[in-house]
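Everything on this sheet refers to the single structure shown next.
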Amino acid sequence: MLGDPAKDRVARWIAGDITLSDEPGSAIKRWREKFDVSQTALAEALKISPSVISDYEAGRRKSPGATTTKRIVEGLIKIDEKGGGKVTGAFSSMLGGQLPPDVLLDMREFGEPVDGKVLCKAVGGEVVANRDLLNKKLFGYTVIDGPKAVLTLSADDFMHLYGMTTERALVFTGVTTGRSPMIAIKVKGITPGVVVIHGELKEVDPLGVKIAEILRVPLIVSRLPTVKELIEGLRKCAP
């Protein structure tokens, strides 16, 4: 898209977020505001009327197709580049730079903070530790392949998984006991707002539960059948 791997990764992430949103116009507005770009400035970069951007964001115009979405995203990134590229750089860091795509499965920020109870319901969850802490606000989520993450990610890589804030849900897939994810979090020394584990497990290893209790982090087991359904549930919290 833009000829730079880091920028292309950010562009694909944003474009995917807009395309998959139930309200793409609202998603465009959210990203435009994250980049602190006015409708007029974006319209000038795309050589279109500001009313076109306004109509997309308000839902008065049919949802943009892939080509238009690509132009909008590239326009935001190019405007940011002229100002030093700080926003693009921040999102590039959030995405973990060189994190393998088979480890980082999905990562999004919520338009508005979501509490743990809402997130638990979205993932078909069962709380196994610290139910009393579910009222804390979460600002996003990160879904990773649990076994691959535990085996391959460094402490710095784990830092990237948290995005701009640790107050997010860190979701491990492919879990069989729940012990390894909690040990990894304890060892790395960075505690997320909520931990969700998903996989073929009947019960969580007592050590995993104990670590969650020590760290004072809610631990949720998602009972949804597939990773696809898990991600779809999470995305409903981040339109």
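Values quoted throughout were computed directly from the atomic coordinates according to the rules given, and no laboratory measurement underlies them. These numbers were taken from a predicted model, which means no experiment stands behind them. Every residue, glycine among them, receives a Cβ derived from its backbone with ideal geometry; neighbour counts consider all protein chains shown.
What the table below lists for this structure:
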item	result
Dipole moment magnitude, nearest 20 debye, region 5-94 about Cα centre, only Lys, Arg, Asp, Glu C-beta charged	180
For the chain, calculated [θ]222 nm from helices alone, where every DSSP H run of n ≥ 4 adds -39500 (n - 2.57)	-14500 deg cm²/dmol
Overall form of region 5-94 per C-alpha gyration tensor (a/c, 1.5; a/b vs b/c)	oblate
Segments 221-234, 23-36 sorted - mean Cβ within 10 Å per residue, highest first	23-36, 221-234
Mean Cβ count within 10 Å, highest first, over the residues of peptides 144-154, 58-68, 173-183	173-183, 144-154, 58-68
Above-threshold pairs, the threshold being 23 Å between Cα atoms, out of K86/K137; K34/K228; K117/K228; K7/K136	K86/K137; K34/K228; K7/K136
Full-extension gain in nm, E126 to A58, via 0.36 nm per residue minus C-alpha separation	20.7 nm
Tensor-based shape of region 144-239 (alpha-carbon gyration tensor, a/c under 1.5 rounded, otherwise prolate or oblate)	rounded
Dipole in debye (nearest 20) - region 104-235, about Cα centre, beta carbon charges: Lys, Arg +1; Asp, Glu -1	220
Mean separation of Cα contacts under 8 Å (6+ apart) over length of region 5-94, as relative contact order %	36
Ascending count of other beta-carbon atoms within 10 Å, so fewest first, for K188, K137	K137, K188
Cβ-placed point charges (K, R +1; D, E -1), dipole of region 45-92 about Cα centre in debye, nearest 20	140
